[in-house]
Amino acid sequence: MSVNKYDFVSRETREVLQLKRLQETVERVYQLVPFYQEAFRKAGIHPKDIRSLKDLSNLPFTVKQDLRDNYPFGLFAANQDQIVRIHSSSGTTGKLTVVGYTAHDMDVWNEVMMRSLIMSNVSAADTMLNAYGYGLFTGGLGLHTGAEKLGCAVIPSSGGFTSRQLMLMKDFKASVLACTPTFAMHLYEKAISEGYNIREDFNLKVGLFGAEPASKGLKQQVAKSWGLDYIEIYGLSEIIGPGASCSCPHSDQLHIFEDHFLPEIIDPVTGDVLPDGQQGELVFTTITKQGIPLIRYRTKDLTTLYREPCQCGRTLVRMDSVVGRSDDMLIVSGVNVFPSQVEHVLSLIEGITLNYVIIMEKKGFIDRMSLQVEVQEGTDMKNIEEMGELTKTIQADLHNHLSINTRVELVEPQALERSLGKAVRVIDKRK
Ligand SMILES: [Zn+2]
(Lines give C-alpha, C1' and ligand atoms only; values in the text may rest on other atoms or scores of the structure.)
Protein backbone atom coordinates (compact mmCIF):
# COMPACT_ATOMS: atom_id res chain seq x y z
CA MET A 1 0.00 0.00 0.00
CA SER A 2 1.23 3.45 -0.79
CA VAL A 3 2.45 5.68 1.99
CA ASN A 4 -0.12 8.38 1.17
CA LYS A 5 -3.21 6.15 0.86
CA TYR A 6 -5.10 8.09 3.55
CA ASP A 7 -4.68 11.34 1.62
CA PHE A 8 -7.36 10.25 -0.82
CA VAL A 9 -9.90 8.06 1.06
CA SER A 10 -13.49 9.19 1.63
CA ARG A 11 -14.28 11.23 4.72
CA GLU A 12 -16.45 8.38 6.06
CA THR A 13 -13.64 5.83 5.72
CA ARG A 14 -11.23 8.16 7.46
CA GLU A 15 -13.64 8.91 10.30
CA VAL A 16 -13.96 5.22 11.19
CA LEU A 17 -10.18 5.07 11.52
CA GLN A 18 -10.03 8.37 13.44
CA LEU A 19 -12.58 7.22 16.01
CA LYS A 20 -10.80 3.92 16.61
CA ARG A 21 -7.45 5.69 17.02
CA LEU A 22 -8.94 8.38 19.27
CA GLN A 23 -10.47 5.76 21.55
CA GLU A 24 -7.16 3.89 21.76
CA THR A 25 -5.25 7.10 22.56
CA VAL A 26 -7.71 8.23 25.23
CA GLU A 27 -7.53 4.78 26.85
CA ARG A 28 -3.72 4.86 26.64
CA VAL A 29 -3.26 8.22 28.38
CA TYR A 30 -5.92 7.35 30.96
CA GLN A 31 -4.04 4.16 31.87
CA LEU A 32 -0.48 5.50 31.66
CA VAL A 33 -0.42 9.23 32.43
CA PRO A 34 -1.53 10.29 35.93
CA PHE A 35 -1.95 13.88 34.69
CA TYR A 36 -4.67 12.78 32.26
CA GLN A 37 -6.31 10.42 34.74
CA GLU A 38 -6.73 13.38 37.06
CA ALA A 39 -7.80 15.78 34.26
CA PHE A 40 -10.45 13.30 33.02
CA ARG A 41 -11.72 12.77 36.56
CA LYS A 42 -12.05 16.54 37.05
CA ALA A 43 -13.91 16.85 33.74
CA GLY A 44 -16.18 13.96 34.74
CA ILE A 45 -15.29 11.91 31.69
CA HIS A 46 -14.14 8.32 31.22
CA PRO A 47 -12.54 6.76 28.10
CA LYS A 48 -15.75 4.73 27.61
CA ASP A 49 -17.65 8.01 27.06
CA ILE A 50 -15.88 8.56 23.73
CA ARG A 51 -18.39 6.94 21.37
CA SER A 52 -18.18 9.31 18.42
CA LEU A 53 -15.76 11.94 17.10
CA LYS A 54 -18.13 14.59 18.45
CA ASP A 55 -17.31 13.45 21.99
CA LEU A 56 -13.80 14.81 21.49
CA SER A 57 -15.06 18.23 22.55
CA ASN A 58 -15.92 16.86 26.02
CA LEU A 59 -12.28 16.09 26.75
CA PRO A 60 -10.15 18.60 28.69
CA PHE A 61 -7.56 20.80 26.98
CA THR A 62 -3.80 20.44 27.35
CA VAL A 63 -1.67 23.62 27.36
CA LYS A 64 2.06 24.29 27.08
CA GLN A 65 2.25 25.01 30.81
CA ASP A 66 1.12 21.41 31.49
CA LEU A 67 4.27 20.18 29.73
CA ARG A 68 6.41 22.55 31.79
CA ASP A 69 4.68 21.59 35.04
CA ASN A 70 5.40 17.93 34.29
CA TYR A 71 9.02 18.54 33.23
CA PRO A 72 10.77 16.55 31.95
CA PHE A 73 8.92 13.25 31.35
CA GLY A 74 5.70 13.53 33.38
CA LEU A 75 3.39 13.41 30.35
CA PHE A 76 5.17 10.49 28.67
CA ALA A 77 3.01 7.43 28.05
CA ALA A 78 5.92 5.12 27.22
CA ASN A 79 8.73 3.71 29.31
CA GLN A 80 12.24 5.03 28.86
CA ASP A 81 13.32 1.79 27.14
CA GLN A 82 10.80 2.48 24.38
CA ILE A 83 11.86 6.10 23.80
CA VAL A 84 14.37 6.49 20.95
CA ARG A 85 14.48 10.28 20.47
CA ILE A 86 14.02 13.32 22.68
CA HIS A 87 13.48 16.88 21.45
CA SER A 88 12.67 20.01 23.37
CA SER A 89 11.79 23.58 22.70
CA SER A 90 12.82 26.54 24.75
CA GLY A 91 10.39 29.11 25.95
CA THR A 92 11.41 32.71 26.46
CA THR A 93 10.86 32.09 30.15
CA GLY A 94 10.69 29.05 32.36
CA LYS A 95 11.38 25.42 31.77
CA LEU A 96 11.82 23.61 28.47
CA THR A 97 8.98 21.62 26.99
CA VAL A 98 10.15 18.08 26.34
CA VAL A 99 8.81 15.53 23.87
CA GLY A 100 9.81 11.88 23.38
CA TYR A 101 9.38 9.56 20.41
CA THR A 102 9.12 5.79 20.35
CA ALA A 103 10.25 3.85 17.25
CA HIS A 104 6.58 3.80 16.24
CA ASP A 105 6.38 7.60 16.60
CA MET A 106 9.46 7.97 14.40
CA ASP A 107 7.65 5.87 11.76
CA VAL A 108 4.65 8.21 12.01
CA TRP A 109 6.90 11.26 11.69
CA ASN A 110 8.72 9.83 8.68
CA GLU A 111 5.42 8.87 7.10
CA VAL A 112 3.88 12.37 7.36
CA MET A 113 7.13 13.92 6.13
CA MET A 114 7.16 11.57 3.12
CA ARG A 115 3.52 12.42 2.42
CA SER A 116 4.41 16.15 2.64
CA LEU A 117 7.27 15.70 0.20
CA ILE A 118 5.22 13.63 -2.26
CA MET A 119 2.54 16.34 -2.07
CA SER A 120 5.25 18.88 -2.96
CA ASN A 121 6.37 16.84 -5.99
CA VAL A 122 9.68 15.94 -4.35
CA SER A 123 10.99 12.47 -5.18
CA ALA A 124 13.99 10.15 -4.78
CA ALA A 125 15.56 11.93 -7.76
CA ASP A 126 15.87 15.17 -5.76
CA THR A 127 18.61 16.64 -3.60
CA MET A 128 17.55 18.74 -0.63
CA LEU A 129 19.59 21.46 1.05
CA ASN A 130 18.21 21.35 4.59
CA ALA A 131 19.06 24.67 6.23
CA TYR A 132 16.70 24.24 9.19
CA GLY A 133 18.57 24.08 12.48
CA TYR A 134 19.71 20.60 13.54
CA GLY A 135 19.56 19.89 17.25
CA LEU A 136 16.89 20.02 19.91
CA PHE A 137 14.67 21.98 17.50
CA THR A 138 12.63 19.49 15.45
CA GLY A 139 13.00 21.35 12.12
CA GLY A 140 16.33 19.93 10.94
CA LEU A 141 16.12 16.27 11.92
CA GLY A 142 12.38 16.03 11.24
CA LEU A 143 12.77 16.89 7.59
CA HIS A 144 16.01 14.99 7.34
CA THR A 145 14.87 11.46 8.18
CA GLY A 146 11.58 11.80 6.27
CA ALA A 147 13.37 12.92 3.11
CA GLU A 148 15.96 10.16 3.48
CA LYS A 149 13.19 7.53 3.81
CA LEU A 150 11.76 8.81 0.54
CA GLY A 151 15.15 8.32 -1.07
CA CYS A 152 15.85 12.01 -1.51
CA ALA A 153 19.52 12.97 -0.95
CA VAL A 154 19.79 15.35 2.00
CA ILE A 155 22.56 17.90 2.52
CA PRO A 156 22.37 18.51 6.29
CA SER A 157 23.77 22.05 6.15
CA SER A 158 21.77 23.32 9.18
CA GLY A 159 21.45 27.08 9.76
CA GLY A 160 23.96 29.89 9.22
CA PHE A 161 27.07 29.99 6.99
CA THR A 162 25.22 31.74 4.18
CA SER A 163 28.07 31.75 1.63
CA ARG A 164 28.76 28.06 2.20
CA GLN A 165 25.06 27.24 1.78
CA LEU A 166 25.14 28.90 -1.65
CA MET A 167 28.24 27.00 -2.64
CA LEU A 168 26.68 23.66 -1.58
CA MET A 169 23.43 24.52 -3.30
CA LYS A 170 25.22 25.24 -6.56
CA ASP A 171 27.92 22.55 -6.57
CA PHE A 172 25.68 19.72 -5.29
CA LYS A 173 22.85 20.80 -7.63
CA ALA A 174 20.21 21.03 -4.90
CA SER A 175 16.68 20.94 -6.34
CA VAL A 176 14.91 21.46 -3.01
CA LEU A 177 15.57 24.17 -0.43
CA ALA A 178 14.24 23.75 3.11
CA CYS A 179 14.50 26.70 5.53
CA THR A 180 12.54 29.62 6.97
CA PRO A 181 11.17 32.07 4.37
CA THR A 182 13.23 34.95 5.77
CA PHE A 183 16.41 32.88 5.51
CA ALA A 184 15.50 32.06 1.89
CA MET A 185 15.37 35.80 1.16
CA HIS A 186 18.65 36.33 3.00
CA LEU A 187 20.25 33.59 0.87
CA TYR A 188 18.91 35.30 -2.23
CA GLU A 189 20.33 38.71 -1.27
CA LYS A 190 23.67 37.09 -0.52
CA ALA A 191 23.65 35.22 -3.83
CA ILE A 192 23.05 38.47 -5.72
CA SER A 193 25.78 40.31 -3.79
CA GLU A 194 28.25 37.48 -4.45
CA GLY A 195 27.55 37.67 -8.18
CA TYR A 196 25.67 34.40 -8.68
CA ASN A 197 23.29 34.11 -11.61
CA ILE A 198 20.19 32.68 -9.93
CA ARG A 199 18.68 30.88 -12.92
CA GLU A 200 21.97 29.59 -14.38
CA ASP A 201 23.92 28.71 -11.24
CA PHE A 202 21.13 27.06 -9.26
CA ASN A 203 18.80 24.19 -9.91
CA LEU A 204 16.01 24.79 -7.34
CA LYS A 205 12.47 23.70 -8.19
CA VAL A 206 10.76 23.40 -4.80
CA GLY A 207 11.10 25.22 -1.47
CA LEU A 208 9.80 23.81 1.81
CA PHE A 209 9.27 26.81 4.02
CA GLY A 210 7.91 27.14 7.53
CA ALA A 211 8.67 27.68 11.23
CA GLU A 212 7.55 31.32 11.10
CA PRO A 213 4.49 33.22 9.89
CA ALA A 214 4.97 34.73 6.43
CA SER A 215 2.74 37.13 4.50
CA LYS A 216 1.51 36.35 1.00
CA GLY A 217 3.84 39.12 -0.23
CA LEU A 218 6.94 37.50 1.29
CA LYS A 219 5.96 34.09 -0.10
CA GLN A 220 5.58 35.56 -3.57
CA GLN A 221 8.96 37.29 -3.30
CA VAL A 222 10.67 34.07 -2.28
CA ALA A 223 8.98 32.09 -5.08
CA LYS A 224 9.77 34.71 -7.70
CA SER A 225 13.35 35.40 -6.57
CA TRP A 226 14.37 31.76 -6.63
CA GLY A 227 11.97 30.63 -9.38
CA LEU A 228 10.52 27.75 -7.36
CA ASP A 229 7.22 26.32 -6.09
CA TYR A 230 6.61 27.71 -2.61
CA ILE A 231 5.42 24.91 -0.35
CA GLU A 232 4.52 25.72 3.24
CA ILE A 233 5.13 23.10 5.87
CA TYR A 234 3.69 23.42 9.36
CA GLY A 235 4.23 21.65 12.61
CA LEU A 236 5.18 21.97 16.23
CA SER A 237 7.28 19.73 18.40
CA GLU A 238 4.43 19.04 20.84
CA ILE A 239 2.42 17.44 18.03
CA ILE A 240 5.28 15.79 16.06
CA GLY A 241 7.54 18.49 14.54
CA PRO A 242 7.35 19.53 10.87
CA GLY A 243 4.77 17.49 8.95
CA ALA A 244 1.55 18.12 10.87
CA SER A 245 0.31 19.78 7.68
CA CYS A 246 1.67 20.87 4.31
CA SER A 247 0.45 22.88 1.32
CA CYS A 248 0.21 21.42 -2.18
CA PRO A 249 1.02 23.16 -5.48
CA HIS A 250 -2.74 23.66 -6.09
CA SER A 251 -3.52 25.60 -2.93
CA ASP A 252 -2.04 28.00 -0.38
CA GLN A 253 -3.94 26.13 2.30
CA LEU A 254 -2.25 23.27 4.13
CA HIS A 255 -3.52 19.69 4.17
CA ILE A 256 -3.59 18.32 7.72
CA PHE A 257 -2.61 14.66 8.16
CA GLU A 258 -5.79 14.13 10.12
CA ASP A 259 -5.47 10.35 10.31
CA HIS A 260 -2.71 11.12 12.88
CA PHE A 261 -3.61 14.57 14.22
CA LEU A 262 -7.23 15.54 14.83
CA PRO A 263 -7.71 19.30 14.42
CA GLU A 264 -10.34 21.54 16.00
CA ILE A 265 -10.78 25.31 15.94
CA ILE A 266 -11.88 26.92 19.18
CA ASP A 267 -12.78 30.36 20.38
CA PRO A 268 -9.58 31.26 22.29
CA VAL A 269 -11.57 33.01 25.03
CA THR A 270 -14.53 30.68 25.68
CA GLY A 271 -12.92 27.42 24.48
CA ASP A 272 -16.04 26.60 22.43
CA VAL A 273 -15.53 24.65 19.20
CA LEU A 274 -16.08 26.85 16.12
CA PRO A 275 -17.49 25.66 12.78
CA ASP A 276 -15.41 25.25 9.59
CA GLY A 277 -14.67 28.54 7.86
CA GLN A 278 -14.39 30.50 11.09
CA GLN A 279 -11.03 31.69 12.40
CA GLY A 280 -9.91 30.68 15.87
CA GLU A 281 -7.22 28.83 17.82
CA LEU A 282 -5.99 25.56 16.38
CA VAL A 283 -6.22 22.59 18.74
CA PHE A 284 -4.69 19.19 18.00
CA THR A 285 -5.27 15.74 19.46
CA THR A 286 -2.60 13.23 18.46
CA ILE A 287 -4.28 9.87 17.80
CA THR A 288 -1.34 7.62 16.93
CA LYS A 289 1.54 8.83 19.07
CA GLN A 290 2.81 6.63 21.89
CA GLY A 291 5.66 8.56 23.51
CA ILE A 292 3.73 11.67 24.43
CA PRO A 293 0.17 11.62 23.12
CA LEU A 294 -1.54 14.97 23.72
CA ILE A 295 -5.27 15.47 24.11
CA ARG A 296 -6.73 18.72 22.72
CA TYR A 297 -3.43 20.58 22.77
CA ARG A 298 -3.90 24.33 22.40
CA THR A 299 -1.34 25.52 19.83
CA LYS A 300 -2.12 29.27 20.21
CA ASP A 301 -1.87 29.45 16.41
CA LEU A 302 -4.79 31.22 14.78
CA THR A 303 -6.22 29.72 11.61
CA THR A 304 -9.36 28.45 9.84
CA LEU A 305 -10.36 24.95 8.64
CA TYR A 306 -11.92 23.99 5.29
CA ARG A 307 -13.25 20.62 4.14
CA GLU A 308 -14.06 21.31 0.49
CA PRO A 309 -12.09 18.96 -1.79
CA CYS A 310 -8.79 20.23 -3.20
CA GLN A 311 -7.85 20.22 -6.89
CA CYS A 312 -5.05 17.79 -6.10
CA GLY A 313 -7.65 15.17 -5.18
CA ARG A 314 -6.76 14.98 -1.49
CA THR A 315 -9.70 14.72 0.87
CA LEU A 316 -7.73 15.85 3.93
CA VAL A 317 -9.06 18.85 5.85
CA ARG A 318 -7.15 22.05 5.06
CA MET A 319 -6.02 24.93 7.24
CA ASP A 320 -5.11 28.49 6.31
CA SER A 321 -1.53 29.56 6.55
CA VAL A 322 -1.11 30.66 10.19
CA VAL A 323 -1.43 34.44 10.47
CA GLY A 324 0.37 34.39 13.81
CA ARG A 325 0.33 32.97 17.31
CA SER A 326 -2.06 34.63 19.71
CA ASP A 327 1.10 35.51 21.70
CA ASP A 328 2.46 37.51 18.74
CA MET A 329 -0.57 39.73 18.45
CA LEU A 330 0.15 43.40 18.99
CA ILE A 331 -2.40 45.85 20.30
CA VAL A 332 -1.78 49.26 18.76
CA SER A 333 -4.10 51.99 20.04
CA GLY A 334 -6.83 49.44 20.66
CA VAL A 335 -6.41 47.61 17.34
CA ASN A 336 -5.29 43.97 17.16
CA VAL A 337 -2.61 43.40 14.55
CA PHE A 338 -0.14 40.66 13.62
CA PRO A 339 3.35 41.39 12.26
CA SER A 340 2.49 39.23 9.22
CA GLN A 341 -0.39 41.61 8.42
CA VAL A 342 1.97 44.60 8.56
CA GLU A 343 4.31 42.64 6.27
CA HIS A 344 1.52 42.01 3.77
CA VAL A 345 0.76 45.74 3.50
CA LEU A 346 4.47 46.53 3.08
CA SER A 347 4.72 43.95 0.29
CA LEU A 348 2.25 45.98 -1.79
CA ILE A 349 4.32 49.20 -1.64
CA GLU A 350 6.91 50.04 -4.30
CA GLY A 351 10.38 51.21 -3.28
CA ILE A 352 10.79 49.28 -0.01
CA THR A 353 11.84 45.75 0.94
CA LEU A 354 10.41 43.23 3.39
CA ASN A 355 13.34 43.76 5.71
CA TYR A 356 11.62 45.54 8.56
CA VAL A 357 11.33 45.63 12.30
CA ILE A 358 8.44 46.75 14.48
CA ILE A 359 9.35 48.56 17.69
CA MET A 360 6.82 48.73 20.50
CA GLU A 361 7.26 51.38 23.20
CA LYS A 362 5.23 52.80 26.02
CA LYS A 363 4.56 56.53 26.11
CA GLY A 364 2.73 57.19 29.36
CA PHE A 365 -0.14 54.72 29.34
CA ILE A 366 -0.23 54.39 25.57
CA ASP A 367 1.48 51.70 23.48
CA ARG A 368 3.26 53.28 20.52
CA MET A 369 4.37 51.41 17.44
CA SER A 370 7.16 52.47 15.14
CA LEU A 371 8.51 50.74 12.09
CA GLN A 372 11.97 50.62 10.55
CA VAL A 373 12.00 49.44 6.96
CA GLU A 374 14.81 49.13 4.44
CA VAL A 375 14.47 50.91 1.12
CA GLN A 376 15.34 49.11 -2.10
CA GLU A 377 18.91 48.92 -3.34
CA GLY A 378 19.83 51.98 -5.43
CA THR A 379 17.39 54.34 -3.66
CA ASP A 380 18.62 57.92 -3.29
CA MET A 381 18.01 58.52 0.39
CA LYS A 382 19.22 62.09 0.08
CA ASN A 383 16.14 62.92 -1.95
CA ILE A 384 14.25 64.30 1.06
CA GLU A 385 11.04 64.96 -0.85
CA GLU A 386 10.80 61.46 -2.29
CA MET A 387 11.63 59.85 1.06
CA GLY A 388 8.96 62.01 2.72
CA GLU A 389 6.39 60.84 0.16
CA LEU A 390 7.37 57.20 0.64
CA THR A 391 7.07 57.52 4.42
CA LYS A 392 3.62 59.06 4.05
CA THR A 393 2.51 56.28 1.69
CA ILE A 394 3.55 53.59 4.17
CA GLN A 395 1.77 55.34 7.04
CA ALA A 396 -1.38 55.90 4.98
CA ASP A 397 -1.49 52.31 3.67
CA LEU A 398 -1.02 50.83 7.14
CA HIS A 399 -3.78 53.09 8.40
CA ASN A 400 -6.14 52.26 5.54
CA HIS A 401 -5.61 48.48 5.66
CA LEU A 402 -5.12 47.88 9.38
CA SER A 403 -6.39 51.07 11.09
CA ILE A 404 -3.09 51.55 12.88
CA ASN A 405 -0.99 54.67 13.33
CA THR A 406 2.75 54.21 13.30
CA ARG A 407 5.95 56.19 13.06
CA VAL A 408 7.98 55.10 10.03
CA GLU A 409 11.74 55.34 9.63
CA LEU A 410 13.28 54.44 6.29
CA VAL A 411 16.74 52.92 6.57
CA GLU A 412 19.52 52.06 4.09
CA PRO A 413 19.60 48.63 2.38
CA GLN A 414 21.31 46.03 4.63
CA ALA A 415 20.95 48.29 7.71
CA LEU A 416 18.83 45.77 9.63
CA GLU A 417 20.25 42.58 11.04
CA ARG A 418 19.53 39.39 9.02
CA SER A 419 18.17 36.28 10.65
CA LEU A 420 19.74 32.86 10.16
CA GLY A 421 16.52 31.15 11.23
CA LYS A 422 13.30 32.64 12.48
CA ALA A 423 13.24 36.40 11.90
CA VAL A 424 12.93 38.81 14.81
CA ARG A 425 10.14 41.11 13.61
CA VAL A 426 9.22 42.83 16.87
CA ILE A 427 11.40 44.58 19.42
CA ASP A 428 9.33 45.12 22.51
CA LYS A 429 10.71 47.90 24.70
CA ARG A 430 7.62 48.01 26.92
CA LYS A 431 8.84 45.44 29.43
ZN1 LIG B 1 -4.23 19.92 -2.49
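With both partners inside the stretch 169-326, how many of the DSSP beta bridges are antiparallel, as a percent to the nearest 5?
Antiparallel bridges make up about 75 percent of those DSSP assigns within the stretch 169-326.
Gain on full extension, evaluated as 0.36 nm per residue between Ile86 and Asp69 minus their Cα-Cα distance, stands at 4.4 nm. Taking 0.36 nm per residue of separation and subtracting the current Cα-Cα distance, fully stretching the chain between Glu386 and Ala125 would add 89.0 nm. Spatially, the stretch 349-399 and the stretch 321-335 are offset by 19 Å when compared through their Cα centroids.
Peptides 71-80, 104-113 ranked from most to least packed, by the mean per-residue count of other Cβ atoms within 10 Å: 104-113, 71-80. A simple spin-label model places the labels of Tyr306 and Thr270 2.6 nm from each other, with each point 7 Å out along Cα-to-Cβ. Compute the FRET efficiency between Glu417 and Thr393 as 1/(1 + (r/R0)^6), taking r as their Cβ-Cβ distance and R0 = 35 Å, and round to the nearest 0.05. Between Glu417 and Thr393 the formula returns 0.90. How would you classify the stretch 285-420 from its alpha-carbon gyration tensor, with a ≥ b ≥ c the square roots of the eigenvalues: rounded for a/c under 1.5, else prolate if a/b is greater than b/c, otherwise oblate? Because a/c hits 1.5 or more and a/b exceeds b/c, the stretch 285-420 counts as prolate.
Across the stretch 243-391, the relative contact order, built from alpha-carbon pairs under 8 Å that are at least six residues apart, equals 15 percent. In the context of the full set of protein chains, residues of the chain present 45 Å² of accessible surface per residue (probe radius 1.4 Å, heavy atoms only). Secondary structure note: in the stretch 154-250, about 30% of the DSSP beta bridges are antiparallel. Simple spin-label estimate for Ser193 and Ser2 gives 4.5 nm between the two label positions (7 Å along the Cα-to-Cβ direction from each Cα).
Relative contact order for the stretch 283-362 using alpha-carbon pairs under 8 Å, separation at least 6, rounded to a whole percent?
Details: 79 pairs, mean separation 13.4, N = 80.
So the answer I get is 17 percent.
In this label model, Glu148 and Phe365 are separated by 5.9 nm, measuring between points 7 Å along each Cα→Cβ vector. Relative intensity of the stretch 1-325 on a log10 scale, I(q)/I(0) at q = 0.09, 0.10, 0.13 Å⁻¹, equals -0.46, -0.57, -0.95, per a Debye sum over C-alpha point scatterers of equal strength in the absence of solvent. Here the calculated FRET efficiency for His401 and Glu200, from their Cβ-Cβ distance with R0 = 41 Å, stands at 0.60, rounded to the nearest 0.05. Sorted on the mean count of surrounding Cβ atoms within 10 Å across their residues, most packed first, peptides 344-351, 26-33 read 26-33, 344-351.
Counting only DSSP beta bridges whose two residues both lie in the chain, roughly 65 percent are antiparallel.
The protection proxy used here, the mean number of other Cβ atoms lying within 10 Å of each residue, ranks peptides 274-282, 148-156 as follows, highest first: 148-156, 274-282.
Rounded to the nearest 10 degrees, the angle from helix 34-43 to the longest Cα principal axis of the chain is 90 degrees. Largest GNM mean-square fluctuation across Lys219, Lys173, Lys362, computed for the chain with C-alpha springs under 10 Å, falls on Lys362. Here the relative contact order of the chain, from alpha carbon pairs under 8 Å that lie six or more residues apart, stands at 14 percent. Rounded to a whole number, what % of the accessible area of the chain do carbon and sulfur atoms account for, probe 1.4 Å? Using a 1.4 Å probe with all protein chains present, the chain comes out at 51 percent carbon and sulfur. Over the stretch 172-322, the fraction of Cα-Cα pairs per 5 Å bin, rounded to whole percents and listed from the shortest bin up, is 2, 9, 17, 19, 17, 13, 9, 7, 4, 2, 0. Taking the centroid of alpha carbons for each part, the stretch 282-304 and the stretch 21-91 are 10 Å apart. Here Lys54 is the anchor, and the aspartates and glutamates within straight C-alpha reach of less than 19 Å, apart from those fewer than 8 places off in the same chain, are Glu12, Glu15, Glu24, Glu27, Glu258, Asp259, Glu264, Asp267, Asp272, Asp276, Glu281.
Checking the cross-link pairs Lys224/Lys289; Lys5/Lys170; Lys216/Lys429; Lys95/Lys422; Lys5/Lys422 against a 30 Å limit on the alpha carbon distance flags Lys224/Lys289; Lys5/Lys170; Lys5/Lys422 as lying beyond it.
The values are calculated or read from the model by the stated rules, or taken from the named source; none is laboratory data. Note that this is a predicted model, so its numbers are computed, not measured. All Cβ positions, even for glycine, are placed from backbone atoms using ideal geometry, and neighbour counts span all protein chains on display. The protein model used for the area step is the full one, side chains on, heavy atoms only, and it has no ligands, DNA or RNA in it. Shrake-Rupley method; radii C 1.70, N 1.55, O 1.52, S 1.80 Å.
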